[in-house]
């Protein structure tokens, strides 16, 4: 009997999860390290809040545009090899970005860093689906997502704390060094692929046919979940630091960055979502995650700082639960084109981050936090309406 995937509790399963946890940490610590530094970048380079936020959007845009090319490459050379190449290149580019003399150079460096990083989220879920048994995929995808939440948290905190006594450049450098250590861990621990078969075709036509398959049926609804939910999520975190730094809070960026500890709720909820899926099914778990996001975001409209923090905890938990469900559903719904479907999900996910992460800064600058919240709630409503169109019987097996 051929290889059917590593089973839960096996050694291969454990090493796979640890390696992908490290890759998620390295990827998302670098991708969002700028988010905790936006007030410092704005002042140092003498630019507006929304323009400073472009340092986040440039990287996510690069990632969005590169996920499909990386998926095509991964079909030829393998998922593990692509993730390794992507991580090494991203660390080098991240360190290079610290020498930027102005915002234009920084945006170019960040864009290409995003291009490099695209190799990780663009192929990790396909790597999981090929190397793990079907019943292990839902839980494993949640653990991978939890690595992304830890990476997002650690990258933001480390960057802000390292930058406080020095500059934002040293904050970025500290995160790149940490990502380098995580990359080495992945290179040593990630199991060799046993479920991967290289694509035999030499032309792009069969590859494009797989992308066409990935757009059939209701699959695009899942891609739009990433676009809408991630767009609102990044916008909230982009501009929250500016709100906390202003009156009446007047909190320094290094202290304000502690709000990113809310990511720990996402670490828990992304794993717990797999258990909820087993009971409620994917559709209702996704809708529940969206509802939790909206409820948490409404709490952030309060004036009391402790209520804002609670709201961010709830908002973050809801987002990562919804993201874990949607992203884990993609390779199951598109078993005939997993890498292409995963790349399309990530395309929507990061274009949403790039567009809304910058665009929603305009209502925030002109009308304040309430306007930003209203716009993001609108994205939640659109996502929920689309999610209600998905099948209601899909559980852990797809």
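Report, ordered by the first and then the second residue, all pairs with beta carbons closer than 7 Å, sequence separation of six or more or different chains, a first member in region 201-216 that is surrounded by 13 or more Cβ atoms within 10 Å (Cβ to Cβ), and a second member that is part of a helix (DSSP H, G or I) and modelled with pLDDT of 75 or more.
207/72; 207/75; 210/340; 211/340; 214/340; 214/341; 214/344
Test residue 289 against the criterion of being crowded, with 24+ Cβ neighbours inside 10 Å and in contact with a helix residue (DSSP H, G or I) (Cβ under 6 Å, 6 or more places away or on another chain), and give yes or no.
yes
Does residue 326 satisfy the condition of being modelled with pLDDT of 95 or more, closer than 17 Å to residue 230 by Cβ and either touching a helix residue (DSSP H, G or I) at 6+ places or on another chain (Cβ under 9 Å) or buried (at least 20 other Cβ atoms within 10 Å of the Cβ) (or both)?
no
Evaluate the following for residue 71: is it part of a helix (DSSP H, G or I), modelled with pLDDT under 90 and touching a helix residue (DSSP H, G or I) at 6+ places or on another chain (Cβ under 6 Å)?
Taking the combined requirement at face value, the residue satisfies it.
So, in region 293-306, how many residues would count as being buried (at least 20 other Cβ atoms within 10 Å of the Cβ) and in a helix (DSSP H, G or I)?
Number of matching residues: 4.
How about region 144-170: which of its residues are surrounded by fewer than 23 Cβ atoms within 10 Å (Cβ to Cβ) and under 21 Å from residue 266 (Cβ atoms)?
Selection gives 150, 154, 157, 158, 161.
Among the residues of region 343-379, how many are surrounded by fewer than 18 Cβ atoms within 10 Å (Cβ to Cβ) and more than 12 Å from residue 50 (Cβ to Cβ)?
Matching residues across region 343-379 total 7.
Just to check your reading of the model, which residue among 274, 318, 311 is under 30 Å from residue 211 (Cβ atoms) and either in contact with a helix residue (DSSP H, G or I) (Cβ under 8 Å, 6 or more places away or on another chain) or in contact (Cβ under 8 Å) with a residue 60 or more places away in the chain (or both)?
274
Within region 3-47, take every residue that is farther than 27 Å from residue 262 by Cβ and part of a helix (DSSP H, G or I) and give me the one that is nearest to the chain's Cα centre (by Cα).
Here the residue is 16.
Any chance you could count how many residues in region 266-286 are assigned to a helix (DSSP H, G or I), at pLDDT below 90 and surrounded by fewer than 22 Cβ atoms within 10 Å (Cβ to Cβ)?
Going through region 266-286 one residue at a time, the tally reaches 8.
Taking the options 317, 304, name whichever one is over 12 Å from residue 229 (Cα atoms) and over 19 Å from the mean Cα position of the chain (by Cα).
Just a single option satisfies the conditions, and that option is 304.
Residues are listed down the side, and each one gets a yes or a no for (1) surrounded by 13 or more Cβ atoms within 10 Å (Cβ to Cβ); (2) more than 17 Å from the chain's Cα centre (by Cα); (3) at pLDDT 80 or above; (4) over 27 Å from residue 383 (Cα atoms):
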residue: 180; (1), (2), (3), (4): yes, yes, yes, yes
residue: 184; (1), (2), (3), (4): yes, yes, yes, yes
residue: 218; (1), (2), (3), (4): no, yes, yes, no
residue: 234; (1), (2), (3), (4): yes, no, yes, no
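The values are calculated or read from the model by the stated rules, or taken from the named source; none is laboratory data. All values reported here derive from a predicted model rather than from experimental measurement. Every residue, glycine among them, receives a Cβ derived from its backbone with ideal geometry; neighbour counts consider all protein chains shown.
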